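Beneath this line is the structure, given in structure tokens, with notes to follow.
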Amino acid sequence: MTPDVLLVGAGDLGAAVGLRLADLDHGVLALRRNASLVPTPLVGRSVDLTAEAPDLSDVRPRLLVVALTARPRTEESYRSTYVDGMTRALDALAEPPERAVLVSSTAVHGSRDLPDLEDETAPPAPSDGPGRMLVAAEEAFHDRIPHGSVLRLSGLYGGSSTRLLDQVREGRIDDPHRWTNRIHRTDAAEAVVHLLTMPAQPERLYLGTDDEPAQLGDVAAFLADRLGAPAPPQADPARGHGKRLSNARLRATGWAPTYPSYREGYAAVGTT
């Protein structure tokens, strides 16, 4: 099958998006540093975008997904991956795709204490170098694909990640009042596919997050109960701080999360 989808980045999230598109009878070409890690039936192509431009002379993708991962979390790493690497891939295309999604992060919003939910109309306010590089990547993406969509994801969870579970088990919840925003990896992948395949033309920017911002102490208490771990410090709504995000624009397109809050997303924790 001739590929009509190009994945620029095929880590956990990118591969999940690609597999869903393959199930919809799309041929998917995935760029990854080590192509042997790309799951079948996706077709992998090895390229280190931080160091070289890919040869895409044989590719005319109709759909494009940029889902890169930068390590470590430094300004230099994010510039090399998200700005320079993505730019090399996009500049290697002979023509722009019909639909394109760049997976970005709500880290570009920084951490602001606002009385209302924050949405796509809020200007970026990155608080560190990686956040600034993500803003630069979004700008470079729209310079090259003006009709493309940026999907800013909040904190991803699910899959193999156990960071929060480990913190709860070890009693390392030190800011229970902080507002947190999250999205299950399944819902994040579904959101990308939805924006690529929905009948109407997507807008240029969406926030990808679940229905319920939650204070860290409440999430930790739920997990501690299921894990049999010590109860963490209790959250106080009056002392809540940090950003709270709205998914109203994304929901208005017809997307809805399978896991609307941390309760559904973490329901199986401690039961197996």
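The values are calculated or read from the model by the stated rules, or taken from the named source; none is laboratory data. For clarity, every value in this text was computed on a predicted model and none was experimentally measured. Backbone-built Cβ (ideal geometry, glycine too); neighbour counts: all protein chains shown. Remember, those area values only see protein heavy atoms, side chains included, never the ligands or the DNA or RNA. Shrake-Rupley method; radii C 1.70, N 1.55, O 1.52, S 1.80 Å.
Give me the three principal axis extents of the range 122-179 from the C-alpha atoms, as integers in angstrom, largest value leading.
Largest first, the range 122-179 extends 46, 25, 19 Å along its Cα principal axes.
Sequence gap at least 6, Cα distance under 8 Å: using those rules, report the relative contact order of the range 166-236 to the nearest whole percent.
52 percent
Return one number: the angle in degrees, 0 to 90 and rounded to the nearest 10, between the long axis of the Cα atoms of helix 216-227 and the longest principal axis of the Cα atoms of the chain.
80 degrees
Could you calculate, for the range 79-217, the ratio of the Cα radius of gyration to the Kirkwood radius, expressed as Rg to Rh?
0.99
Return the long-range amide H neighbours of A100 (sequence gap of 5 or more, or a different chain), with a cut-off of under 5 Å between placed amide H atoms.
The list, which skips near neighbours in sequence, is L64, S149.
Starting from the Kirkwood Rh over alpha-carbon pairs, what translational D in µm² s⁻¹ does the range 149-272 have by Stokes-Einstein at 25 °C and 0.890 mPa s?
The Stokes-Einstein estimate is 160 µm²/s.
For the chain, what relative contact order do you get, as a whole percent, if you take Cα pairs closer than 8 Å and at least 6 residues apart?
Averaging sequence separation for qualifying contacts and normalising by length gives 17 percent for the chain.
Gain in length, R33 to S80, computed as 0.36 nm per residue apart minus the alpha-carbon separation, to one decimal in nm?
That works out to 15.6 nm of additional length.
Please give the helix 12-23 orientation as an angle from the longest Cα principal axis of the chain, in degrees from 0 to 90, rounded to the nearest 10.
Its long axis makes an angle of about 60 degrees.
Using packing as a proxy for protection, rank 148-157, 240-249 so that the peptide with the highest average count of other Cβ atoms within 10 Å comes first.
148-157, 240-249
Taking N as the number of residues in the range 219-272, what is its Cα Rg relative to 2.2 N^0.38 Å?
1.46
Show that you can apply the helix-only estimate: for the chain, add -39,500 (n - 2.57) for every DSSP H stretch of four or more residues, divide by all residues, and state [θ] at 222 nm to the nearest 500.
Dividing the helical sum by the residues of the chain leaves -8000 deg cm²/dmol.
Convex hull over the Cα atoms of the range 52-116, averaged projected area in nm²?
6.1 nm²
I'd like to check one number: the per residue accessible area of the range 219-272, probe 1.4 Å, reported in Å² as a whole number.
That works out to 53 Å² per residue.
Over the chain, what percent of the accessible surface lies on carbon and sulfur atoms, probe 1.4 Å?
Using a 1.4 Å probe with all protein chains present, the chain comes out at 48 percent carbon and sulfur.
If you roll a 1.4 Å probe over the heavy atoms of the protein chains, what accessible area per residue do you get for the range 111-199, in Å²?
Counting only protein heavy atoms, the per-residue value for the range 111-199 is 45 Å².
Taking θ as phi - 60°, what are the ³J(HN,Hα) couplings along the range 55-72 by the Karplus curve (6.51, -1.76, 1.60), each to the nearest whole Hz, with x for Gly and Pro?
In residue order, the calculated couplings are 8, 10, 5, 9, 10, 10, x, 8, 10, 9, 10, 10, 9, 8, 10, 10, 9, x Hz.
Net charge near A16, counting Lys/Arg +1 and Asp/Glu -1 over other residues with Cβ under 12 Å of its Cβ?
Net charge in that neighbourhood comes out at -2.
Would you tally the net charge around L117, using a Cβ to Cβ cut-off of less than 15 Å, leaving L117 out, and scoring K and R as +1, D and E as -1?
-1
Considering only C-alpha atoms, what is the centroid distance from the range 74-114 to the range 195-248, in Å?
Here the answer is 23 Å between Cα centres.
Roughly what % of Cα-Cα distances in the chain sit above 23 Å, to the whole percent?
Of the Cα pairs, 54 percent sit more than 23 Å apart.
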